[in-house]
Structures are given as C-alpha cells and as structure tokens.
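See structure below.
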Amino acid sequence: MASLLCAVPRTTGSLYSILSSPFFKKPTRKLKPFFSTSIPQPNRKCSNGVAVSIAEEREIARSPQLVASEYAELNLSDKFSEEPAPVPDWCDIYSDSTLPLMVDIGSGSGRFLMWLAKRNLDSMNYLGLEIRQKLVKRANYWANELALNNIHFIFANATVSFKQLVSTYPGPLTLVSILCPDPHFKKKYHKRRVVQQPLVESIVDSLIPGGRVFVQSDVLEVALDMRNKFDTISDELLHVDKINPSLLDNEGWLLSNPMGIRTEREIHAEFEGAKIYRRVYQKRK
Ligand SMILES: C[S@@+](CC[C@H](N)C(=O)[O-])C[C@H]1O[C@@H](n2cnc3c(N)ncnc32)[C@H](O)[C@@H]1O
C-alpha cells in the first residue's frame, strides 16, 4: 500500500529521540477491528455493578461532544490570517529545490512529515502549512536539529496561501495531504473548514499529472465532506479504487494508512477505537 503514494524506504539508522515510535506503523498492517461483534469483548464492572464492554466504553469515550472538545482544545482563533504568507526563496530552504514536493496542509506538530522527510532524504522535499505559528517555529527548530534539508514549515493559512506558494516552487508538486482537519462541527462554522472548493481546485490545478491527494479524518461527517468535494472533480481526479479496487472497504474508504506513518490525531483517535476514513486520488495523466 505504501507504494501507492511514494516509495518509502525503511530507515536503518537509529531513530532520533524526538521522533517517538508511535508515529511509525508498518505499512502493511491492517486497522484493528475494535468494534467487531464477532469477537467477544472483555467486560468491566461499573460502580453500579453493570458490566460494560471495553468496546462500549470506547464508544462512550468517542461521543461527539468529546471529539468536539478534543479538537476545540487546539485553541484555534476564530480569525485566521487572511494575509498571504511571504514566498520563501526555495533555494535557501531545500538543498535541491527541483525535487518532487509533498505539501501537508494543517501539518500540526510536523512529526508526521519529518518521518517522511527522514525516509526520503534525497528524493523528495516536504512542506508543511500550518496556521499556528508556535507549531511552525518548533517544527522548523526540530527539522534544523535533525539536519533535514528537505523539509520546511510555513506559517500560513492554506486557504489563502497554498496556490501562490506552490506555484513558485521550482519542482513538481506530486502529493498533497490533508489529515484530520479541524471539524468545525456547527453548521454555521462549516465555512471555516480548510477543505473548500477553491482550495480543492487549486490543489488539482497545481499537481502534476499522476500526482496524488491523500485525505483522512476520524470524523465521518468531515471525511464525507472532503470526499464529496474531491469526488465532484472526477473529470480531473481518479480515486484509487479505479486503479485497484481491493484497496477499499465496502463504503469506499481505504483499508489502511497508505503512508505507513500516522499523524498525532490519527494515533489518538485510533487509540480511542475510532475508524479513520481515508481517500487517495490521482490526477489524470
Ligand atoms: C486537528 S489538527 C491535525 C494536525 C495533523 N494533521 C494531525 O493529523 O495530527 C488540524 C491542524 O490544521 C491546522 N489548520 C487549520 N486550519 C488551517 C488553515 N486554514 N491553514 C493551515 N493550517 C490550518 C490547525 O492549526 C491544526 O494544527
């Protein structure tokens, strides 16, 4: 499955301490069926003596209110910068700015992208776009400490800055990821979701033919919203089931993580027993 997105050679050297191990997951490993009804679940006793299965506990733990409050803890300000981020001198940032580029929109801590950068030192460049400045500063500090010359993070509102930033990059844009974006549950705030039609169109315009988009969420409603938006441009984008139908479950979601590396939100959600809804699209050649 990993080869779907890029050849990701396994690292052989010792791991850096700040890239802690939970972020690595073998590419071929399938998601655990936490809610399988065919497997008996161990029970625990509540204080009132009623037996509650661990699966039920997890379901309770994944209540919409809790998921909403977890995302709310990100303390996102209601007003994002509408100013376009300054375009950097790409030659100053990457040791080879002609390499294929992957952009992660809403890169959070940046650890996910750093794992990839470390695995593909000489073959790919990585760019994280993140609206929280402290995370950007810390991620660039880590990248510097790790002496990674193929990764950079920019403090940017992707909605405003994506197109201009990637259009100035000298090499080809081969992969864009949007992983567990903020759900903005209330209908009146859906317009704050990062995946809006103009951004979708900018991504598709900017990718090279054969380039890919990887989206995922632990919130079904958000995953469906992203899916609908990318599905509507099927004249330009092909979902990977057209290439290999066996990669999907019955509802059209990928069976496993195609990168072999998980994001922080993904690890947390899977730990709680959530399903991660994933789609991968390819720009038609
Ligand atoms: C829920 S976190 C997920 C982070 C990471 N992708 C993960 O899966 O762990 C969503 C991230 O997107 C960032 N974000 C939200 N809107 C954004 C925007 N318009 N442009 C760039 N980043 C954005 C948030 O600051 C936050 O770090």
**Prompt:** How many residues are touching a Cys at 6+ places or on another chain (Cβ under 9 Å) and part of a strand (DSSP E or B) when one looks only at the stretch 240-285?
**Reply:** 0
**Prompt:** Which residue out of N157, N140, N150 is away from the ligand (no atom under 15 Å from the Cβ) and within 22 Å of P86 (Cα to Cα)?
**Reply:** N150
**Item:** Conditions (1) open to solvent by 40 Å² or more (accessible area, probe 1.4 Å); (2) modelled with pLDDT of 95 or more; (3) not small (G, A, S); number of the one not met by N244
**Value:** (2)
**Message:** What are the pairs with Cβ atoms under 9 angstrom where one residue, in the stretch 203-216, is open to solvent by 10 Å² or more (accessible area, probe 1.4 Å) and away from the ligand (no atom under 14 Å from the Cβ) and the other, located anywhere, is assigned to a strand (DSSP E or B) and of a type in the set (A, V, I, L, M, F, W, C)? Sequence gap at least six, or different chains.
**Reply:** S206/V103; S206/L173; S206/V176; I208/L173; R212/L175; R212/V176; R212/V280
**Fill in**
Of the residues in the stretch 137-162, those that are of a type outside the set (D, E) and touching a residue at least 60 places away in the same chain (Cβ under 8 Å) come to W142, L146, H152, I154, F155, A156, N157, T159, V160, S161
**Fill in**
Q196 vs (1) over 23 Å from V280 (Cβ atoms); (2) open to solvent by 30 Å² or more (accessible area, probe 1.4 Å): all pass except (1)
**Message:** Residues to consider are F112, F162; find the one that is closer than 19 Å to A85 by Cα, aromatic (F, W, Y) and part of a helix (DSSP H, G or I).
**Reply:** F162
**Message:** Looking at the stretch 265-281, I want the residues that are farther than 24 Å from T174 by Cβ and have a partner that is modelled with pLDDT of 95 or more with Cβ atoms under 6 Å, at least 6 apart or on another chain. Which pairs are those?
**Reply:** A269/D218; A274/D218
**Message:** Restricting to the stretch 168-198, name every residue that is part of a helix (DSSP H, G or I) and of a type outside the set (V, I, T).
**Reply:** K187, K188, Y189, H190, K191, R192, Q197, P198
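The values are calculated or read from the model by the stated rules, or taken from the named source; none is laboratory data. Bear in mind that the values here come from a model prediction, so they are computed numbers and not experimental data. Cβ sites come from the backbone with ideal geometry, for glycine too, and all protein chains shown count toward neighbours. We work out accessible area using only protein heavy atoms, side chains counted, and drop any ligands, DNA or RNA first. Shrake-Rupley method; radii C 1.70, N 1.55, O 1.52, S 1.80 Å.
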